[in-house]
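The values are calculated or read from the model by the stated rules, or taken from the named source; none is laboratory data. Treat the numbers as computed from the prediction; the structure is a model and nothing was measured. Every residue, glycine as well, gets a Cβ built from its backbone with ideal geometry; the counts of neighbours run over all protein chains shown.
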Amino acid sequence: MPQDGDWYVLAADETSIPAAGQVLAALPKPPHTVFVEVAGPVDERPLPAVDASSVTWFHRGDDPSKAGSRLEEAFRAFELPEGRGYFWIACESGAMRRIRAHLLERGVTADRMVTRGYWKLGASNHPDGDYGQDMTARG
């Protein structure tokens with residue numbers, strides 16, 4: 001992640017919480033907004049290097065078909081702050097692609113996003129190399 005941001009937004013599901021912790025530890029100290037979607041409260045884990053008040057936990061329940069739905073809602077409601085900001089998003093591949101497309105539609109350029117599809121609903125052995133970068137025609 002670039003180090004010159006005025007703010008950062010990180011979004012993860014339970015599969016990418018460890019990576020989100022590493023990213024947070026490597027970022028400078030400007031404001032961070034962290035969205036994490038898990039099945040329920042029992043799945044919440046502490047994230048290092050970030051004030052707990054900066055983390056919003058979303059509980060989607062046990063229905064795997066809802067994977068990423070709460071993260072998508074969070075991004076649709078998110079007000080983009082002023083200044084230079086960056087996004088790091090790692091979750092179910094389809095949700096990541098929808099979130100990425102939404103941000104592109106809102107004018108966020110592709111160079112301001114790091115996106116990773118860690119897994120894909122309905123697929124086994126999905127490679128975690130889905131970066132959604134074939135959607136950058138407008139970014």
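Values as computed for the structure displayed
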{"quantity": "Out of 99, 89, sole residue that is assigned to a helix (DSSP H, G or I) and in contact with a helix residue (DSSP H, G or I) (Cβ under 9 Å, 6 or more places away or on another chain)", "calculated": "99"}
{"quantity": "Given (1) crowded, with 16+ Cβ neighbours inside 10 Å; (2) touching an Asp or Glu at 6+ places or on another chain (Cβ under 7 Å); (3) over 18 Å from residue 6 (Cβ atoms), index of the condition residue 85 fails", "calculated": "(3)"}
{"quantity": "Criterion (under 23 Å from residue 102 (Cβ atoms) and either assigned to a helix (DSSP H, G or I) or touching a residue at least 60 places away in the same chain (Cβ under 8 Å) (or both)) met by exactly one of 79, 73, 37", "calculated": "73"}
{"quantity": "Where residue 106 falls short, out of the listed (1) surrounded by 14 or more Cβ atoms within 10 Å (Cβ to Cβ); (2) charged (D, E, K, R); (3) more than 12 Å from the chain's Cα centre (by Cα)", "calculated": "(1)"}
{"quantity": "Sole residue being on the phi > 0 side of the Ramachandran plot and in contact (Cβ under 8 Å) with a residue 24 or more places away in the chain, chosen from 94, 68, 85, 61", "calculated": "68"}
{"quantity": "Matching residues, segment 9-29, being surrounded by fewer than 24 Cβ atoms within 10 Å (Cβ to Cβ) and either of a type in the set (Asp, Glu) or part of a strand (DSSP E or B) (or both)", "calculated": "14"}
{"quantity": "Only listed residue being modelled with pLDDT under 90 and either within 18 Å of residue 120 (Cβ to Cβ) or in contact with a strand residue (DSSP E or B) (Cβ under 7 Å, 6 or more places away or on another chain) (or both), chosen from 81, 41, 30", "calculated": "30"}
